[in-house]
1. Among (1) within 22 Å of A:H134 (Cα to Cα); (2) not in a strand (DSSP E or B), which single condition is B:D75 missing?
2. Under 9 Å by Cβ, and 6 or more places apart or on different chains, what pairs join a residue from the range A:173-189 that is farther than 17 Å from A:D135 by Cα with one that is at pLDDT below 95 and part of a loop (DSSP other than H, G, I, E, B)?
3. Is it true that B:Q49 is modelled with pLDDT of 55 or more and within 12 Å of the chain's Cα centre (by Cα)?
4. Can we say A:Q141 is on the phi > 0 side of the Ramachandran plot and either surrounded by fewer than 19 Cβ atoms within 10 Å (Cβ to Cβ) or without any contact (Cβ under 8 Å) to a residue 24 or more places away in the chain (or both)?
5. Determine if the range A:202-211 includes at least one residue that is within 14 Å of another protein chain (Cβ to nearest Cβ), touching a residue at least 60 places away in the same chain (Cβ under 8 Å), outside any helix (DSSP H, G or I) and of a type outside the set (V, I, T).
6. Got a sec? Which strands (runs of 3 or more DSSP E) wholly within the range A:124-187 have at least 3 residues that are out of contact with any strand residue (DSSP E or B) (no Cβ under 7 Å at 6 or more places or on another chain) and within 14 Å of another protein chain (Cβ to nearest Cβ)?
7. So, A:S263, is that one at pLDDT below 95 and crowded, with 17+ Cβ neighbours inside 10 Å or not?
8. Residues A:G157, A:G165, A:G186, A:G102: which one is small (G, A, S), at pLDDT below 95 and surrounded by 15 or more Cβ atoms within 10 Å (Cβ to Cβ)?
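The values are calculated or read from the model by the stated rules, or taken from the named source; none is laboratory data. Computed from a predicted structure; not experimentally measured. Counting neighbours? That spans all protein chains shown, and the Cβs are built from the backbone with ideal geometry, glycine included.
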Amino acid sequence: MDHDHGHKGLNRRELLGHCAGWAGTAAVYTVAGGVVSSVSLDAALAAGKPAAKAKPFTFVQISDTHIGFDKPANPNVHATALQAVDRIKAMAVKPDLILHTGDITHLSKDDQFDEAKQILSGLDIPIFYVPGEHDFLDEGQGKTFLAHYGKGTQGLGWYSFNHDGVHFVALNNVAALKPGGMAHLGDDQIAWLKKDLAALPSSTPIVVFAHIPLWTVYEAWGWGTDDANQALTLLRRFGSVTVLNGHIHQILHKVEGNVSFHSARSTAYPQPAPGAAPSPGPLKVPTEQLPSMLGICSANFLRGNAPIALIDSSFT
Amino acid sequence: MSFLSSVGRFALFAAMAAPAAVYPLQTAVAAAPTKVQRVAIQNFAFSPQVIVVAPGTTVTWTNADEDPHTVTANDKSFHSAAMDTDETYSFTFTKPGEFAYFCSLHPHMTGKVIVKG
């Protein structure tokens, strides 16, 4: 259990201690230990030396703010989105950037996008967005989202960027969905991803973020992406891959080789566990219980190809 | 296919159970009888999932969920805007045939209208 992974002396116990201390009473999910110990020899060799430019930093994931939702499951999503902002402001280390994994709005309305911007503008931290299906339901099928966030992106809003040695990839899996299917990336986006990753050494840490899970959580509710494997095949050669999503309004994680999948809580309302209700609709819980089911996820990137430590914290 | 389509907010419809039967409405003018059929969208499903109607029937879908849904023909020959809670969409089927449709936001939700002369 408690062995050194060779990353300048930070062992699993120290890492867990670091995360727990940082998170206070929050739920702690360290993808770190499991990934390091389960990484295959092939992947370890492929990963090689940590990328020289990489240095420690923190970033945050927020998701499913659903601005405009006003049903009993949470009649005040504005206030709970502000709670997320306060949480981020209170962090001991100011995050370098924020990823919003979609369903920014409930109904893709211009004023809902504006309200979301106004709420998050208090942070003064760069925010990177991907759309959820609720952001793509206008008559123009994403036109409003793209008018707000599409500048400088490819296709229907996908893009990538580098930050301190980490390569971030933003994918859209909510456009042009097919009857009977699940979420979908599409050939154009996968072709772009192939080109985007081609020049990167396998030691580059990768963070992929998209709204709907890129692994099949529950097919009967459409909680998965039907062509995700094509994207994951392109990612397998990398030593450290972290896939972040929202959509299901609950924490779930899974490790598959060197790929860590993680879904974050919503800031708006919870949804039932897979198959635990007749439908995946909003879950009404007692008012006093709601803050414990909403939250944000913060990520500590340590160095090189060390796995990214993810910490989910609720509002209580 | 000629049709009348509209999305509106008719909260009353949501309160009514969707009858599975086709029934003609009484009209003042002696014209071809107008037929209507209702489909509920509830618990992320179309109910009834498959309906059989006569040509000229207007089908009205009502969203009883707290999540928005759409009615989108697989062949895109008809489609609603996103319907929020209690909103409705109507489409008049004039020609015989089978019309498969789905919710473009939750594509695992599928349904079918069979129009028989």
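1. For B:D75, the exception is condition (1).
2. If the second residue must be at pLDDT below 95 and part of a loop (DSSP other than H, G, I, E, B), the pairs left are A:G186/A:A176.
3. yes
4. Values: on the phi > 0 side of the Ramachandran plot: yes; either surrounded by fewer than 19 Cβ atoms within 10 Å (Cβ to Cβ) or without any contact (Cβ under 8 Å) to a residue 24 or more places away in the chain (or both): yes.
Considered against the rule, which asks whether it is on the phi > 0 side of the Ramachandran plot and either surrounded by fewer than 19 Cβ atoms within 10 Å (Cβ to Cβ) or without any contact (Cβ under 8 Å) to a residue 24 or more places away in the chain (or both), A:Q141 comes out as yes.
5. Here is the first cut: in the range A:202-211, the ones within 14 Å of another protein chain (Cβ to nearest Cβ) are A:211.
Cutting the leftovers down to touching a residue at least 60 places away in the same chain (Cβ under 8 Å) gives us A:211.
Okay, now just the ones that are also outside any helix (DSSP H, G or I), so A:211.
Those left that are additionally of a type outside the set (V, I, T): A:211.
Yes, the conditions are met somewhere in the range A:202-211.
6. Values: elements: A:127-129, A:159-163, A:166-170.
Filter on the range A:124-187 gives an empty set.
7. Values: at pLDDT below 95: no; crowded, with 17+ Cβ neighbours inside 10 Å: yes.
Considered against the rule, which asks whether it is at pLDDT below 95 and crowded, with 17+ Cβ neighbours inside 10 Å, A:S263 comes out as no.
8. Values: A:G157 fails: at pLDDT below 95; A:G186 fails: at pLDDT below 95; A:G102 fails: at pLDDT below 95.
On inspection, the qualifying residue turns out to be A:G165.
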